[in-house]
Each structure stands twice: as C-alpha cells, then as structure tokens.
Amino acid sequence: MPDLHPHVIVLFGATGDLARRKLLPGLLHLRHAGLIDDCQVVGTALHDLDDERFRAFARTAFDEFGRSDVSVEERDDFQKRLHFVPQNGGVEALRQAVTDAEQRLGGEPRRLHYLSIPPSAAASVVELLGKADLVERSRVIMEKPFGTDLASARALNDTVHQVFDESQVFRIDHFLGKEAALNILAFRFANGLFEPIWNRDHIEHVQIDVPETLGVDDRASFYEHTGAFRDMVVTHLFQILAFMAMEPPTALEPRSISEEKNKVFRSMRALDVRQVVRGQYEGYLDLDGVARRSDTETFIALRCEIDNWRWAGVPFFLRTGKRMAEGARIISIAFREPPKSMFPDGSGVGAQGPDHLTFDLADSTRLSLSFYGKRPGPGMRLDKLSLQFGLHETGAEADVLEAYERLIHDAMSGDHTLFTSAADIERLWELSTPLLEHPPPVQPYQPGSWGPGAIRQLIAPRTWRLPFERGWRQAPQST
Ligand code: BG6
C-alpha cells in the first residue's frame, strides 16, 4: 500500500449529480477505510453556496448514497472538512479557499483537483487552475468524454499540457475502476490455464455488452450532444476491450500496462460504418432538451477488429444502449467449436452455441465457463452446463471499493494503471473518425427491447449472448 499524504481535494462540479451520488460518499468511505490521510475538501460550482449549505448538500448525499458501515461520528468529522467557494468568485477566491484549507492542514499538503464538470468547461477550469497557481504539488482527475473527436481531443490535451505535465493528469474511466476489470488481468496472467488459448486459434469472437435499462431523462441536454458512442464506447467499452486483448505486460505497473493497452489501440482497424448499428429509443425525441429531429444515438452496436498476430480475424462485437430490456455489463468470449461428427444424430452437441467464458463486470465480480456435458441416463444426450464463480460466495464482497473510490485513491497515490493516456484517447478518436464523419442513420427501437432489428445481421451467423439462456447462480440464502 503506498504512503498516504495529507490532501486538499478541490472538487469542481461539487453540487452535481456525480458528486452527490459517487464522489462525496466515496471520499467519506475512503476516509472511513483509512485510505485517505488528513484532508480538506474545497467544493466549487456555479451555484452560490456557502460552507453550511454545501455541508447540508453533502449530508443528504451521505444519507442517500453512503455506505451503512460509516459511523455518525465519522460522518460528522468528515463534514467539518468540507468547504465551499462559488466558482464565479474567480481566480482569487479559489486560491484563497485552497490556501485556507492548506493552512488548516499545515505543512505542504498535496492537491487533488477533481474536474467533475461538462467537457465543454474542462479547458477553462484547467486554465483557471494555472492562473490560480494551484499546479504545484497537484494532480488533476478529468472526467470523460475527453474531446468529441480527434481535433477537439488534441486541442484539449494541448491546453492541459500547457498547465499540467502528463504525469499529473488522471483521465478517469470508471469502468476500469470496477473490481472485475483488474480481475481480468489476474485471471489471464495469474493462471496457466487460460492464457495459452487466449488467441485467434481458440477464440472465435468476443462480445462486450453493456445494455442499460435507464433512460437519459434528466441528462438529456448533456446526452443530446454526446450520444451512446461518445458516452460509453470511446471510453468504457474500448478500455475494457484493451484489458481483454492486450499482451502480457512486462510488469503489473502503470507504464507497462499503458504500453500494452496502447499497442492494442494501434493495431485496431478504423471503424467500418457498414458494421455499425445506431439506434434511438422511441420517446427520446419527446424529452426536454432534445431537438425535435435529433439524430443522437441512444444505442450503438458495432463490430471491430484488432489486426495483430493474436487477434486477426476475431471479431469483437460491442453493444450498449439506454432503455433496453435488461441492465448488464458482460464480456463474453466464444471459443471455436470442436469437430462434432463422432456424436450421434440428435445428441445436441453444439446445439446451444459454442463454449463461452463470461465475465460479469458488476461490482461483485462473477465469472462463468459454459461447456457441454452428458445428460445422465442411457445414450449420449448433451446439455449445456456451466461452472460459475461469484465473489459473493467468498465473503470478501464488503472489501470491494466502489469504482470511483478505487480510482480517487489511485490518483492520490500517483498510480496511473487504471487511467487513460493522451495518446490512447487521440488514437481512439482517430479510429472513430469514419463513424463520426459518416454516421449511419439512427434506427428506432422499442424501450425495453434489445435494440433495432439490424443488430441480428450485424452479428450473424452468431447470436448475441444476452439475454442469457441460464441465469447466474444466486448466493445461497443464509438461514
Ligand atoms: C457513465 C455514462 O459514464 O456510465 C452513463 O455517462 C452510464 O450514461 C454509466 O449510465 C454506466 O456506468 P455504471 O457503472 O452505472 O454501469
């Protein structure tokens, strides 16, 4: 565990939804878990609050979204550490608020600036931090999307690099903070069983599927300018794909992992618009903040290819969307099928698709390996069976850090392993250019469905893994 240091945490967008649901409760939990040293939090936002009103806001957030294992004393202690400075107070007010917080801590604490703000505001806040002279001893966490295309990502990176060194910048992708994401690396590289078959000789295709049941209702004005591709694919799904596809790093340390991830992106082929299905759920156009004839996609499914020695010819199918039939976050790996002619007619071999390895990226990791086995009794009839692992069975579930908690802790410790580099982001936008320039028209889909009908042709002759034919096994009920 790295050394902890006293920190002043400057939270931009402190009254926003992310701060309320994840960041403020997450900071409190990190403090409770002993993973944050002495700290002061300076919240800032366009709202005109003072310390008391900000503390009241945080208190409601703790009650609604905090963990139950935090005591009232811990919560009250943390609340006293919260301060607020309205963003329209400008450079001087911000500098003063941080100086005051530093004096309360004493010495030369580190600074963590968390930019929980819309992408359009990122550049001006970075410049503000420069003018307020808050760059020294600091790290900055930035929220996605990092630009909206290659040109804007480059411009944003240039602005950031005029103020901060790349080593100070932590571009957050909360999917990589999920316990299950790092478990992909453990699973692949800590076992002799799977890595030898982790390639085009044995794997037929891969699916990364993140359907969501929620709509965009109160986020419509953000979403309307973002859409599913920028909101979910460029960041979360491509990042997970890199963990799944990368070569073994020389060491489990940030630079080696980042190099291997970047190699995956360099080997990826630019997206082919003929292999993309964009969808929009019926009813989206009626939301406040949405243009009457909006072409924003609330759903996207696409096929992409990694043209390297490990993966050439293995399609990766990615899908995500709002208002879909179920919420899930899975990676599903389909293995090549064996010769089947030895089995008698009607045995059912291969009838339920190929063998699959499935990761569930839920906070409580689950993993399943499906295979054919013999149905008990006479003759040779085969059934699809599965071996399943669930973190909930180990009793260690309470130790899981929520994704934002883990990533804030990593950023405070200077660990870039789970963050995205400027080079990765620019490469991903470059690969996306054909789609951004010539997006296929959005196709309508029914809320509660799995997306427009065209997704079946996209993956044919294969089929989408979701909905599962067999559910995950539940934890046994304790008596
Ligand atoms: C966010 C997206 O980054 O991830 C949201 O902006 C999406 O649109 C969310 O709903 C999904 O994250 P999680 O952790 O809830 O699966």
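None of the figures in this text is laboratory data; all of them are computed from the coordinates on show. What you see is a predicted model, and the numbers here were worked out from it, not measured in a lab. Glycine gets a Cβ as well: all are built from the backbone with ideal geometry, and neighbour counts include every protein chain shown.
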Is it possible to state the helix-based mean residue ellipticity at 222 nm for the chain, with each DSSP H run of 4+ residues giving -39500 (n - 2.57), the sum divided by total residues, to the nearest 500 deg cm²/dmol? What is it? -9000 deg cm²/dmol
Segment 160-231: Rg to Rh, with Rh as the Kirkwood radius over Cα pairs: 1.10
Chain lengthening between Asp272 and Asp286 when straightened (0.36 nm per residue, less Cα-Cα): 2.0 nm
Which angle between 0 and 90 degrees, to the nearest 10, do you get for helix 51-65 versus the longest principal axis of the chain when only C-alpha atoms count? 20 degrees
Mean Cα-pair separation over length for the chain, i.e. relative contact order, pairs under 8 Å, 6 or more apart, %: 17 percent
Output the pairs from Lys178/Lys384; Lys144/Lys178; Lys22/Lys144 with a Cα-Cα distance over 19 Å in this structure; if there are none, say none. Lys178/Lys384
Cβ-derived FRET efficiency at R0 51 Å, Asp307 paired with Ala351, nearest 0.05: 0.95
Just to confirm the number: angle between the C-alpha axis of helix 119-131 and the first principal axis of the chain, 0 to 90 degrees, nearest 10? 40 degrees
Student exercise, segment 298-369 dipole from Lys, Arg, Asp, Glu Cβ charges, in Debye to nearest 20: 240 debye
Antiparallel content of DSSP bridges confined to the chain, in %, to 5: 50 percent
Percentage, to the nearest whole number, of Cα pairs in segment 69-141 over 15 Å apart: 62 percent
With a cut-off of 8 Å between alpha carbons and a minimum separation of six or more residues, what is the relative contact order of segment 141-290 in percent? 25 percent
Relative to the chain, whose Cα atoms define the longest principal axis, helix 179-189 and its Cα axis are tilted in degrees, nearest 10, by 50 degrees
Protection proxy (average C-beta count within 10 Å per residue), highest first, orders 48-56, 425-433 as 425-433, 48-56
Using a Debye calculation, one point per C-alpha and no hydration shell, please list log10 I(q)/I(0) for segment 118-190 at q = 0.12, 0.14 Å⁻¹ in order. -0.42, -0.54
What order, most packed first, do the peptides 316-322, 241-247, 188-194 have when packing is the mean number of other Cβ atoms within 10 Å of each residue? 316-322, 241-247, 188-194
At a 10 angstrom cut-off on C-beta neighbours, averaged per residue, how do the peptides 119-131, 388-400, 250-262 rank from highest to lowest? 119-131, 250-262, 388-400
Treating each Cα of the chain as an identical point scatterer and ignoring solvent, apply the Debye formula and state log10 I(q)/I(0) at q = 0.07 Å⁻¹. -0.40
